[in-house]
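Chemist: Below you will find the structure I want to go over with you.
What follows is calculated from the coordinates using simple rules that are stated; it is not laboratory data. Everything numeric in this text was worked out from a predicted model, so none of it was measured. Please note: Cβ atoms are built from the backbone with ideal geometry, for glycine as well, and neighbour counts cover all protein chains shown.
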Amino acid sequence: MSRRPSKRQHTGIPSFGAPSDADSPSSQQNSPSSSASSTRSLGFSAVPALTTLCARVFVANFLKLRNDEAAWETTAQQLRLLPDFLIPRLFAMLRRSWPTYLTHEFIVTYLLRGPSITLSSDLPGVKKGTILDIPRLNAGVRELELSGFGEISDSTFASLLKRLPRLHALVLRGCTKVGPETARAAAEFCHDLKILNFSYTSVTPLSLASLLIACPEVEVLKVAGIQNWTDATFANFLAGIGEGRNLPALRTLKLRQTSLSDASVEAFLALCPALQRLDVSFTLFRHPPKLLVHNGVPALQKLSLTSTAVSGADLVIIVSLLPHLRTLAIGALGANRGSRPSIGNSSAMTMNDDTLRSLTAILEGFLFLENLNLVGNTKLGQSAKTDRALADFITRVGRKCKRLNLAGITSLRSSDLVGLTPTEEKGPSLLEFLILNNTGIDDEAGLYIATCPSLTTLEVVGTKFTSEGVFPIIDSCTKLENLDLTSCRGIRVMDRRRFFEVWEEARR
């Protein structure tokens, strides 16, 4: 909330189907300063553990202690005596509150202990030497996350892994030079790996095949955004795996933003009999029903097809056969990997009101569905029929989810949200996260949103809300902690970041 807002840029409604800077790792580290998100702390519903209270007090007084030489001498001794398992939690708290004060010397002296280590390039004190010191100080680390180190070579990461044989989880997201050498080192020295995240690196399919053979217990595999993953290079992966082998432990597979098409995805899934979570967003994937013909019905709990060219008919078929779904992301369907011409033309979208009606009838009976994402399906709500497919969907399905994202559906009206209101039969909505950015709603929507007692996060970026429409929501939604009012022109710019304070002042 303390960041200086940048000048407003009139860029219109964003293109939801297109991969953009927001899909890259750096976007997580440098979020736009123009965001007008207001937050508040509601305290705690239970008494925190004594160790948590002590850690909070230490972090709150960290700078004061560091500046007092006598006090720090005693504190440093106590810090060295902390049990290893507490260090990762303390490091995370210090990283959030005092990132610029965590020097290389401080990190290697006090914080490279415990079962897990997390370092990212946005920490000024983390250098190449910090990373290379990990085996010397904590050779038994089980979970290692190194994110965004695009300047460190493949050979450096390989030499690091050769000295960390007990790793269970390895995350190298955004370390763009990580490649075959690192994968080979992991295959040779880290046989206990269960979690692998090579997203936005340069790991090749062939080198990954050798690693998966050496680590048969891998449960999570993420290779999003790797440019060299094409159908041609993936053939090397299949050859490396060989006939008769599969990946029996794999539960989560993320192929997002790769250039794989149907044939490659189907061949990969044929190796994963126990798969539960699949993300093929922003790929060339088109025909999910083929999975059923060749592989049987997967017991998927999560399916993400955002910005793929999957047709409405195919979508209905595949979803009808996945009754255990908990998460379904079907944003910007038909955008064909974010082709800007197709996004600008809503007729290119494959999700229309008729498809939504068919999905509503199916999803209404799903007992476990919690997270539903329809972002950017601009063709919804444009049917000439008097019965609103969006309103019916929210009444029968959306209100029962915990997370619902309808951003970018420009034809969404306030009246479509009437289904959020409780009835004697259905009770109150279960929604905790509701995203309605760049839709056609106004203050009327506030009356319906205010009936969601579990709501903790609400985003209404670029809508017609005014203060009078938001006040009733805060009045009724006592658990609301995050409120994004960016580009809501009915609310003063200076009030958007501090809207909870504005509300308190108005109510006083």
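Chemist: When DSSP beta bridges are limited to those with both residues in the chain, what percentage is antiparallel, rounded to the nearest 5?
Modeler: 10 percent
Chemist: Let me ask you something else. Under 23 Å between alpha carbons, and skipping anything fewer than 8 positions from LYS254 in its own chain: which lysines qualify?
Modeler: LYS254 reaches LYS177, LYS194, LYS222, LYS290, LYS302, LYS402.
Chemist: Fully extended, how many nm does the chain gain between GLU188 and THR423 (0.36 nm per residue separation, minus their Cα-Cα distance)? Intermediate results must be reported in sequence, preceding the final value.
Modeler: On the way: separation 235, 0.36 × 235 = 84.60 nm, distance 6.00 nm.
Answer, rounded to one decimal: 78.6 nm.
Chemist: What ranking of TYR110, TYR200, TYR101 emerges when the number of other C-beta atoms within 10 Å of each C-beta is taken as an exposure proxy, fewest first?
Modeler: In increasing order of surrounding Cβ atoms, one gets TYR101, TYR110, TYR200.
Chemist: Taking neighbour Cβ counts within 10 Å as the exposure measure, how do TRP229, TRP72 sort from fewest upward?
Modeler: The order, fewest Cβ neighbours first, is TRP72, TRP229.
Chemist: For the chain, what is the mean residue ellipticity at 222 nm derived from helices alone (per DSSP H run of n ≥ 4: -39500 (n - 2.57); sum divided by total residues; nearest 500 deg cm²/dmol)?
Modeler: -9000 deg cm²/dmol
Chemist: Can you tell me the FRET efficiency between SER476 and ASP133 if r is taken as the Cβ-Cβ distance and R0 is 56 Å, rounded to the nearest 0.05?
Modeler: 0.60
Chemist: Please work out the FRET efficiency for the pair ASP84 and ASN246, using the Cβ-Cβ distance as r and a Förster radius of 60 Å; give the result to the nearest 0.05.
Modeler: Details: r = 37 Å, r/R0 = 0.62.
For ASP84 and ASN246, the calculated efficiency is 0.95.
Chemist: Still on this structure, please answer the following. Please list the three semi-axes, largest first and in whole Å, of the ellipsoid equivalent to the chain, using sqrt of 5 times the eigenvalues of its alpha carbon gyration tensor. Present the calculation step by step, with values, prior to reporting the outcome.
Modeler: Working: eigenvalues 300, 231, 78 Å².
Square roots of five times the eigenvalues give 39, 34, 20 Å.
Chemist: On to the next question. Using 1/(1 + (r/R0)^6) with R0 = 51 angstrom and r between the beta carbons of GLN77 and MET494, what's the FRET efficiency to the nearest 0.05?
Modeler: 0.60
Chemist: What nm distance separates the two modelled labels at TYR101 and GLU504, each placed 7 Å from Cα along Cα→Cβ?
Modeler: It works out to 2.4 nm between the two label points.
Chemist: Would you calculate the separation in nanometres between label points at GLU69 and GLU468, each defined as 7 Å from the Cα along the Cα-to-beta-carbon direction?
Modeler: Using points 7 Å along Cα→Cβ, the separation is 6.4 nm.
Chemist: Can you tell me which lysines have their Cα less than 23 Å from the Cα of LYS379? Leave out same-chain residues fewer than eight positions away.
Modeler: LYS464
Chemist: Within segment 69-86, whose backbone N sits under 15 Å from a point 7 Å along Cα→Cβ of VAL57?
Modeler: Inside the label zone: 75, 78-79.
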